[in-house]
Amino acid sequence: MATSKTGFLGERPVFAQTMLRIKDAERSRAFYEALGMHFLTRFDFPELSFSLYFFALEKDPTVPDMSAPQTERAKWLWSRPYPTLELTHNWGTEQQAEFAYCNGNTEPGKGYGHIGFLVKDLHASCEAVEKAGYKVSRKPGPFQDVGEIAFIRDPDDYWIELIQSAPAAES
């Protein structure tokens, strides 16, 4: 039962994941690893022709080997105390030249917006993204009165906001 102290999710829930559908698993994995995310594990569902790839910013020394049974890797993943990015790859989409997912930022289908990362040096991050051949769709600059931001795009054209982190507030 939810209380005003815990909410519907109970005590100390973990924001576990955000999921994006991807066309090409290899291209997406290379991109998210270039951002600094760490590959955790993959779940394959042959009967449904798709795979799930999980990444996190945390470098976790307890990541199970891919040779471990999927059930054991799932049990491990669902015990992580940090958020993950789940990339869902429907097999064969990488071979369809015209295939694309809606990124949620264009009509029809506008709704989903972006994921975001706080970064220590926004300008250097954007330069590194461009140097690696990826798209910076909004150059670093101020946004209203909330700080400096930029937007980059992943291989499936999902928007990723980069936010200049602020110095820690003094207590």
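Values in this text are rule-based calculations from the coordinates and carry no lab data. Quick caveat, the model's predicted, so the values are computed rather than measured. Positions of Cβ are generated from backbone atoms using ideal geometry, with glycine treated the same way; all protein chains shown enter the neighbour counts.
Annotations for the structure displayed:
- Net charge over other residues, Cβ less than 12 angstrom from the Cβ of G104 (K, R count +1; D, E count -1): -1
- Stretched out straight at 0.36 nm per residue, the stretch from A34 to E107 would grow longer than its current Cα-Cα span by 23.3 nm.
- Computed [θ] at 222 nm, helices only, for the chain once each DSSP H run of length n ≥ 4 contributes -39500 (n - 2.57): -5000 deg cm²/dmol
- Cα gyration tensor shape of the chain, rounded if a/c is under 1.5, else prolate or oblate by comparing a/b with b/c: oblate
- Peptides 147-158, 121-132 ranked from most to least packed, by the mean per-residue count of other Cβ atoms within 10 Å: 147-158, 121-132.
- Low-density loop positions, GluC sites (Glu not before Pro), the stretch 42-106 - DSSP coil, at most 11 other Cβ in 10 Å: E98
- This model, with +1 at the C-beta of Lys and Arg and -1 at the C-beta of Asp and Glu, gives the stretch 114-164 a dipole about its Cα centre of some 100 debye.
- Members of K59/K120; K59/K131; K110/K131 lying beyond 21 Å, as alpha-carbon distances in this model show: K59/K131; K110/K131
- DSSP assigns beta bridges within the stretch 17-95; of those with both partners inside it, close to 70 percent run antiparallel.
- Between Q95, Q17, Q70, the residue with the greatest mean-square fluctuation in the GNM of the chain (Cα pairs under 10 Å linked by springs) is Q95.
- Charged side chains reduced to their Cβ positions (Lys and Arg at +1, Asp and Glu at -1) give the chain a dipole of some 220 debye around its Cα centre.
- Shape category assigned to the stretch 17-95 from the gyration tensor of Cα positions, a/c cut at 1.5: oblate
- Rounded to the nearest 20 debye, dipole of the stretch 17-95 from Cβ charges on Lys, Arg, Asp, Glu: 160
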